[in-house]
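Step one of this worksheet: look at the structure below.
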Amino acid sequence: MKKKQLEILLQKLNLHSKPKVYLEQYPTPADIAAKILFDAYSLGDIEGKKVCDLGCGTGIFSIGAVLLGAKEVIGIDIDKEVIEVARKNAEQLGVEGMIKFIVSDIKEFNETCDCVIMNPPFGSQQEHADTPFLIKALEIAPVVHSIHMLKTENYIENLVHRHNGMITHKERVVFEIKHMFKFHKREKAEVEAMHIRIKKR
């Protein structure tokens with residue numbers, strides 16, 4: 001499968017109709033998800049691997065990992081409603097039997113995997129909300145692909161180092177955040193973020 005084909009399929013996924021502010025449930029754009037997934041695939045982190053998606057939301061990374069040949073995929077999210085959306089999305093693309101979706105706080109999830117691919121909360125509602133996601137990812141997998149605010153780069157690098165990780169790849173990405181919540185004053189805004197790949201030392 002080519003990257004553009006993957007992006008087209010991911011664009012068909014349904015979004016959460018009632019996203020929760022405190023969980024920062026902003027959807028990952030299909031083009032960004034496809035790029036990250038394809039980069040991970042090219043590095044040998046997906047095909048034939050067990051992949052976990054922490055804070056899986058509507059399942060875009062979980063479903064994309066299956067489409068790129070993952071052996072087993074687990075999507076974990078604390079929100080029961082968004083997990084239902086993820087299950088319907090998987091069914092829509094015919095991969096429902098290949099993904100295990102779990103309703104759980106990621107802190108309580110302890111199953112190991114070959115790779116974590118995730119888009120954790122950026123920390124716009126609660127500072128460093130992405131920290132427990134990154135710590136958990138480094139506990140359960142030797143390879144992690146994750147997205148974080150570019151302005152937290154130094155903090156994230158120090159956190160990774162403290163938890164025996166090494167950033168092997170880093171790329172700037174621009175998120176377009178559309179008007180979703182009442183406090184949003186503009187129709188859309190651009191947020192500078194970074195996709196990082198981490199290997200455990």
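Annotation for the range 24-91 versus the range 126-155: alpha-carbon center distance of 16 Å. In this structure the amide hydrogen of residue 102, modeled in the peptide plane, comes within under 5 Å of the amide hydrogens of 75, 76, 77, none closer than 5 places in sequence on its chain. Fully extending the segment from residue 5 to residue 155, taken as 0.36 nm per residue of separation minus the present Cα-Cα distance, adds 50.5 nm.
Cysteines in the chain that lack a partner Cβ within the 4.7 Å cut-off: 56, 115.
Panel order for 52, 115, by other beta carbons found within 10 Å of each beta carbon, from fewest to most: 115, 52. Quick check on the chain: of the DSSP beta bridges with both residues there, what percent are antiparallel, nearest 5%? Taking every DSSP beta bridge with both residues in the chain, the antiparallel ones total about 55 percent. Relative to the current alpha-carbon distance between residue 110 and residue 50, full extension at 0.36 nm per residue lengthens the span by 20.2 nm. Among the listed pairs 2/200; 50/136; 136/199; 12/88, a Cα-Cα separation exceeding 22 Å is found for 2/200. Residues whose amide H falls under 5 Å from that of residue 165, counting only those 5 or more places apart or on a different chain, are 201, with hydrogens built in the peptide plane. With both labels modelled 7 Å from their Cα along Cα-to-Cβ, the residue 72 to residue 20 distance reads 2.8 nm. For the chain, rounded, prolate or oblate, judged on the Cα gyration tensor with a ≥ b ≥ c (square roots of eigenvalues), a/c < 1.5 rounded, else prolate if a/b > b/c? Verdict is rounded for the chain. Computed from label points 7 Å out along Cα-Cβ, the spacing between residue 162 and residue 191 is 2.2 nm.
Couplings 3J(HN,Hα) for the range 85-95, derived from phi with the Karplus relation 6.51 cos²θ - 1.76 cosθ + 1.60 (θ = phi - 60°), are 5, 4, 4, 5, 5, 5, 5, 4, 9, x, 10 Hz, where x marks Gly and Pro.
Bear in mind that the values in this text are calculations on the coordinates, not laboratory data. This structure is a prediction, so every number in the text was calculated from the model and none was measured. Neighbour counts are summed over all protein chains in view; Cβ atoms, including those assigned to glycine, are modelled from backbone coordinates with ideal geometry.
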